[in-house]
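The structure appears below as structure tokens.
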């Protein structure tokens, strides 16, 4: 599953070992990565900016919950570069200490969002109480340490493996079309061999009628596919918006041309990074 | 400040009397409205759908925090109509029981988002501990009941008036360009006199390159101003997006023409409502 990046890298994630961000890091950099867990997204960005970690793994959107608030803005403000992407299917397992059975389970802990995504499971098992905790992988770790006030945790297969927990059920999430997309970020833009098919950018168009339409024409006329467009408020400019866009194009030249034309239209434009699409056919 | 709607209406909000949603309701329907407080956004929509309330007030975006997750989707799924909008400046006051002074304050409670927006205030007053609670207006009410474990609350001027609290400071929020935009929703589309300058809609374009650009051309070519465009994931269709758009146009006919052309382009399109812009010059 690895891309061209040789391990070991030190890779910062938000959360504990076994988090879905960790799985994303393994997808991109292989299982031998040197993990740097951080508490908050701001801590994660600081770890990469300061050089404490070589790369960071940042969740940017989920197919059920939408955009992860603030993370694209953090990429823009940090000055870091997007050097890769990956998509992880969010599979949630009901995990217990080895030897325990379903009839032993009275309280199951996880992050509130994970609990909410297992609504049907809790409906079918009214004897099990959902217990909200800070972190999905952390709930598995604390279960196995034995000091937690619950007898099951809901987390990833990687967390189960990491902490030696046993799965009673494998896919208890309500909706299996549940994926999270992650960016890999770095202090340096990617310069590896091969073609970069995707470019992520942020742009602000002049505050006048038709300006977004004219900006999108720049891409459309060149056959560049806009795979994502999302708006975000601009602090200090109420009711004006910055757009974050992902472009798919075969040639770097055509992207550069489009950005030059965008600037001619009066748009403020920042490239967050160009990278290989992963998985390539998604 | 009232629009054409005669009070009293029964108006559902999420939260307690004195919430910013209550202030938005007063802007739109006058001070004599019959308030229906609800616990969650889902409860608020249910209250309007069931007829328990005549109208609902729904926050949809904030100029610092961005879109309020899920609320446009709730409007779409509920089948309710947007019949008005208003914008409220988020002014946060430090409130105490009458007669108390700043030197009496050790613990100040509010919703976590409100506490976070007063970061500078807490930095300048390290002797005051921020206490996160469920609801901004509720923190003021509980302070005045006297049973709360804190001696100040951070809330709105309306909450202060409602519960008889006294303001020690009036604008302790870090950023004064902090506004929230609210929709008024109703079971019936608005049919009052006068022109409706704004229309909110949801649309999905065919999943092919250039389709969003072609959709926006439909508005741009008619001189319709797109004041807001936001994307939202579509459940069951990973990496496809629904767009929520706000249009400003002088004539209903030109909007109808554009929607007909959008349908011809293969877009799925739902009008959430047409309404007067408020305040008109914002």
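Could you check what % of the DSSP bridge pairs in chain A are antiparallel, to the nearest 5? Before the final figure, lay out the partial values.
Numbers: 44 of 57 bridges.
Antiparallel bridges make up about 75 percent of those DSSP assigns within chain A.
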Using the alpha-carbon atoms, what tilt in degrees (0 to 90, nearest 10) does helix B:41-50 show relative to the longest principal axis of chain B? 60
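Over the Cα atoms of segment A:60-133, what is the Rg over Rh ratio if Rh follows Kirkwood? Don't skip to the end; give the middle numbers.
Values: Rg = 17.2 Å, Rh = 15.3 Å.
Ratio of gyration radius to Kirkwood radius for segment A:60-133: 1.12.
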Rounded to the nearest 5, the percent of antiparallel DSSP beta bridges in the protein assembly as shown equals 75
For labels at residue B:167 and residue A:42 in the simple 7 Å Cα→Cβ model, what's the distance in nm? 2.7
Using Cβ contacts closer than 10 Å as the measure, can you line up A:251, A:200, B:232, B:139 from fewest to most? A:251, B:232, A:200, B:139
Could you state the number of Å between the C-alpha centres of segment A:186-237 and segment B:113-184? 39
Working from the alpha-carbon coordinates of segment A:204-282, get Rg over Rh, Rh being the Kirkwood radius. 0.97
For a test of the definition: using alpha carbon positions, the gyration tensor, and the 1.5 limit on a/c, classify chain B as rounded, prolate or oblate. prolate
On the Cα set of segment B:235-281, report Rg and Dmax in Å, please. 13.5, 40
10 Å Cβ neighbours from other chains, averaged over peptide A:202-209: 1
On C-alpha positions alone, give me the angle between the axis of helix A:211-220 and the longest principal axis of chain A, in degrees, nearest 10. 90
Given segment B:93-163, what percent of its DSSP beta bridges are antiparallel, to the nearest 5? 35
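Take the Cα pairs of segment B:1-129, get the Kirkwood Rh, then feed it into Stokes-Einstein at 37 °C and 0.692 mPa s and tell me D in µm²/s.
On the way: Rh = 16.5 Å.
The diffusion coefficient I find is 199 µm²/s.
If each residue's Cβ is checked for other Cβ atoms within 10 Å, how do B:42, B:142 rank with the fewest at the top?
Details: B:42 13, B:142 20.
With the fewest neighbours first, B:42, B:142 line up as B:42, B:142.
Counting other beta carbons within 10 Å of each Cβ, put B:154, B:185 in order, fewest first.
With the sparsest Cβ surroundings first, the list reads B:185, B:154.
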How shielded is A:219-232 by partner chains, expressed as the average number of their Cβ atoms within 10 Å of its Cβ atoms? 4
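Tell me the mean residue ellipticity at 222 nm calculated for chain A from its helices only (DSSP H runs of n ≥ 4, each -39500 (n - 2.57), averaged over every residue, nearest 500). All intermediate terms of the calculation are to be shown ahead of the outcome.
Values: 9 runs with 79 residues, N = 282.
Per the formula, -8000 deg cm²/dmol.
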Cα gyration tensor category, rounded, prolate or oblate, for segment A:73-221 with a/c compared to 1.5: prolate
In a Debye calculation with equal point scatterers on the alpha-carbon sites of the protein assembly as shown and no solvent, what is log10 I(q)/I(0) at q = 0.09, 0.11 Å⁻¹? -0.79, -1.18
Among B:66, B:56, B:25, residue whose mean-square fluctuation peaks in a GNM of chain B (springs only between Cα atoms under 10 Å): B:66
Rg/Rh for segment A:93-169 to two decimals, with Rh computed the Kirkwood way over all alpha-carbon pairs. 0.91
Can you give me the angle between helix B:252-264 and the longest principal axis of chain B, using Cα atoms only, in degrees from 0 to 90, rounded to the nearest 10? 70
With springs connecting C-alpha atoms under 10 Å apart, model chain A as a Gaussian network and identify which of A:37, A:98, A:59 has the largest mean-square fluctuation. A:98
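Rule-based calculations on the coordinates, nothing more; no lab input. Being a predicted model, the structure only gives us computed values, none of them experimental. Here Cβ is always computed from backbone atoms with ideal geometry, including for glycine, and neighbour counts include all displayed protein chains.
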